[in-house]
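Reviewing the structure listed below.
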Amino acid sequence: MEGVLVARSYDNPQLSQTFDVTIVGAGFAGLYMLHRCNQRGLSAQIFEAGDGVGGTWYWNRYPGARCDIESLEYSYSFDEDLQQEWEWSERYAGQPEILRYVNHVADRFDLRPSIQFNTRVEKAAFDSATARWNIQTSNGAAVSQYLVMATGCLSSTNKPSFEGMDDFEGPIYHTGEWPHDGVDFSDQRVGVIGTGSSAVQSIPIIAKQAKQLTVFQRTPNYSIPAHNGPIDKALEAETKANYQAFRDANRRENGAFASRTPAGETSALDATEDEWREKFEHHWQLGSLAFLRAYPDLLLDDNANAIARQFVADKIAEVVTDPTTAQILTPTQVIGCKRLCLDTNYFETYNRDNVELVDISSAPIERFTPTGIVADGQEFEFDAIVTATGFDAMTGTILKIDIRGVNDVSLKEKWSSGPTTYLGLCIPGFPNLFTVTGPGSPSVLTNMIMSIEQHVEWIDECIDYMSHQGHQSIEATVDAEQEWVAHVNAVADFTLMPTCNSWYLGVNVPGKPRVFMPLIGFPPYVEKCNEVAANGYEGFALTSPADSSTR
Ligand code: FAD
Ligand code: NAP
């Protein structure tokens with residue numbers, strides 16, 4: 001078969017399996033990477049820590065978990081039959097439905113035989129003599145020419161460590177590691193820490209179930225009503241009639257989604273109050289993250305952004321009946337510099353008699369006790385506590401693996417001042433290692449499935465090129481990396497995105513270097529990746545077996 005690489009075995013009894021491509025993670029990224037490898041006839045294997053496929057959608061089973069990009073968009077586009085045949089029940093599918101979809105994909109493309117579940121990759125070391133990765137897992141070892149990190153941007157939970165946490169006698173849950181059997185909060189006093197997307201989705205549902213719900217809020221968040229509901233059948237039919245054209249239109253958008261929402265063309269600063277109120281109201285009613293498309297300068301000019309902030313503040317004041325609670329819930333940071341939330345009855349929930357909001361912005365949680373939480377000198381008693389405190393995003397999961405590149409340099413050491421990559425795909429000193437949606441790529445600022453598909457296809461074509469050219473290793477150059485990092489920073493600094501303490505900057509994790517990790521803008525990024533490949537992988541050093549003796 002064309003493009004087949006020959007798997008070689010090494011005479012090392014400790015290394016039991018040999019692959020052309022080893023993939024870490026069985027979420028959307030890992031599964032598609034495996035499918036592409038299978039299509040090329042490469043020997044490929046996924047190691048997955050969980051006991052099922054789905055990644056994000058396997059782990060995040062908290063009440064209310066659902067996508068914030070419409071399902072007609074938040075789904076694979078690589079197979080026309082798949083996208084035609086699958087029917088979403090809701091505009092924004094819930095976690096169980098998305099998990100069913102991922103399982104369907106795994107079965108449809110016969111991926112399970114090449115996935116080893118319950119297996120965590122713990123260590124990977126590059127052997128320069130053989131140009132292979134030696135991989136250590138919780139269940140054995142493997143040797144691989146290529147190592148693809150499909151480990152996810154939001155897959156390592158950020159668990160707070162408060163004094164006395166171990167003494168709390170009830171259960172403490174994290175939204176990102178939710179029990180598979182669900183949790184019944186009936187008749188319970190529940191505390192939720194956090195008001196990010198996971199909290200915004202789960203709070204309204206927990207509030208309906210629990211006897212009493214107390215929310216600890218450090219920073220209020222902007223949230224737009226999702227107006228979720230059964231999928232619009234006419235829209236689905238219209239989309240499916242020309243699905244690829246719709247996907248292509250989305251790929252031309254900065255965030256690779258919402259091409260159907262008209263983007264404003266004139267500055268918010270040129271609008272009269274009546275005009276901007278009408279325009280924002282229209283976008284508010286769309287129920288989409290595309291709210292921020294109302295005007296083109298919302299993330300470029302603080303004065304323009306302030307108008308959108310005012311609009312949302314007024315909405316919160318309209319919905320929340322207690323003015324003090326409304327004020328505490330009203331964010332002041334730049335709207336959009338943290339990911340917007342989409343909700344169903346989030347602000348309305350604070351009008352319930354059984355819901356209390358505790359502002360911990362100036363007096364943080366002091367400690368846990370056996371029966372609850374102490375904040376600002378007051379003790380709150382709980383039967384259960386939910387930490388909706390997010391993730392060690394973009395780098396946390398990769399850095400949990402002891403990755404050693406050329407000369408045994410560890411990735412942790414290399415990234416000690418923040419992650420640096422070339423194209424968010426490769427790292428100098430770590431040949432034949434690819435990161436899917438790595439730092440320095442648009443990743444979390446986009447419909448991630450579009451970013452995942454683009455990365456997987458680029459990696460797949462790169463591996464095929466290497467095989468045809470007889471190369472055995474590919475490594476980003478330091479010059480290309482430095483230029484790329486400067487570019488990522490320059491683009492971010494042109495916007496208001498780095499102005500608040502978001503997880504995009506790593507600020508949510510104590511001690512993490514403050515670096516804006518994703519790249520803004522999908523279309524120019526794709527163009528650059530294509531150009532690099534078309535120019536024979538510009539910015540990379542490619543090595544053939546004959547060269548390796550001189551390495
Ligand atoms: P993941 O789905 O995170 O999968 C990574 C996998 O790697 C996991 O299964 C993990 O167990 C495994 N793994 C990690 N380390 C190891 C190791 N050392 N050894 C073995 N296995 C390992 N994005 C959007 O674009 N739209 C949305 O609506 C959206 N909603 C989201 C909702 C939630 C609650 C969260 C947390 C994220 C959401 N995202 C959304 C982002 C989401 O993470 C991506 O869309 C996408 O699912 C990521 O897929 P992935 O395969 O790259 O990573
Ligand atoms: P998050 O956005 O990082 O929110 C975490 C929340 O916990 C924040 O309110 C944070 O406050 C708070 N927090 C963290 N540590 C704390 C501490 N020590 N004390 C008190 N409060 C603390 O995490 P997330 O809600 O899980 O979402 C992460 C990302 O996943 C989202 O941005 C989105 O990309 C994705 N996601 C998407 C959806 C969806 O709608 N489809 C749902 C869930 C997640 P501060 O703001 O002050 O740090």
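The values are calculated or read from the model by the stated rules, or taken from the named source; none is laboratory data. Please read all numbers here as calculations on a predicted model, not as lab measurements. With ideal geometry, Cβ positions are generated from the backbone for all residues, glycine too; neighbour counts draw on all protein chains shown. Side chains are part of the model used for accessible areas, which takes the heavy atoms of the whole protein and leaves out ligands, DNA and RNA. Shrake-Rupley method; radii C 1.70, N 1.55, O 1.52, S 1.80 Å.
Listed values, structure above:
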quantity	calculated
All positions within the range 150-167 that are out of contact with any Lys or Arg (no Cβ under 9 Å at 6 or more places or on another chain) and open to solvent by less than 20 Å² (accessible area, probe 1.4 Å)	Ala150, Cys153
Selection within the range 98-109 - in contact (Cβ under 8 Å) with a residue 24 or more places away in the chain and of a type outside the set (Phe, Trp, Tyr)	Ile98, Leu99, Val102, Asn103, Val105, Ala106, Arg108
Conditions (1) of a type in the set (S, T, N, Q); (2) open to solvent by 20 Å² or more (accessible area, probe 1.4 Å); (3) in a strand (DSSP E or B): number failed by Asn118	(3)
Whichever residue in the range 155-167 is within 16 Å of ligand 1 (Cβ to nearest atom) and in a loop (DSSP other than H, G, I, E, B) and, among such residues, is nearest to Gly390 (Cα to Cα)	Asn158
Residue among Leu99, Leu42 that is within 20 Å of Gly25 (Cβ to Cβ) and more than 21 Å from the chain's Cα centre (by Cα)	Leu42
Answer residue from the range 214-262, given it is within 16 Å of ligand 1 (Cβ to nearest atom) and among the aliphatic types (A, V, I, L, M) and is nearest to Phe347 (Cα to Cα) among those	Ile224
Residue in the range 457-471 that is more than 30 Å from Leu289 (Cα to Cα), part of a loop (DSSP other than H, G, I, E, B) and in contact (Cβ under 8 Å) with a residue 60 or more places away in the chain present	yes
Boolean, Phe516 is away from ligand 2 (no atom under 16 Å from the Cβ), touching a residue at least 24 places away in the same chain (Cβ under 8 Å) and closer than 22 Å to Leu340 by Cβ	no
In the range 57-71, residue nearest to Leu342 (Cα to Cα) [restricted to those that are away from ligand 2 (no atom under 11 Å from the Cβ) and surrounded by fewer than 22 Cβ atoms within 10 Å (Cβ to Cβ)]	Pro63
Meets criteria (assigned by TED's automatic domain parsing to the domain that holds Arg91, open to solvent by less than 20 Å² (accessible area, probe 1.4 Å) and either at pLDDT 95 or above or more than 16 Å from ligand 2 (Cβ to nearest atom) (or both)) for Leu147	yes
Any pair with Cβ under 8 angstrom, 6 or more apart, that starts in the range 35-51 at a residue that is among the hydroxyl-bearing types (Ser, Thr, Tyr) and ends at one that is open to solvent by 20 Å² or more (accessible area, probe 1.4 Å) and more than 14 Å from ligand 1 (Cβ to nearest atom)	Ser43/Leu5; Ser43/Ala7; Ser43/Thr18; Ser43/Phe19
Meets criteria (in contact with a helix residue (DSSP H, G or I) (Cβ under 7 Å, 6 or more places away or on another chain), more than 12 Å from ligand 1 (Cβ to nearest atom) and either more than 18 Å from Ser198 (Cα to Cα) or in contact (Cβ under 8 Å) with a residue 24 or more places away in the chain (or both)) for Ser89	yes
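For (1) open to solvent by 40 Å² or more (accessible area, probe 1.4 Å); (2) under 22 Å from Asn221 (Cα atoms); (3) touching a strand residue (DSSP E or B) at 6+ places or on another chain (Cβ under 8 Å), each residue gets a yes or a no:
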residue	(1), (2), (3)
Asn432	no, no, yes
Ile474	no, no, yes
Trp503	yes, yes, yes
Val526	no, no, no
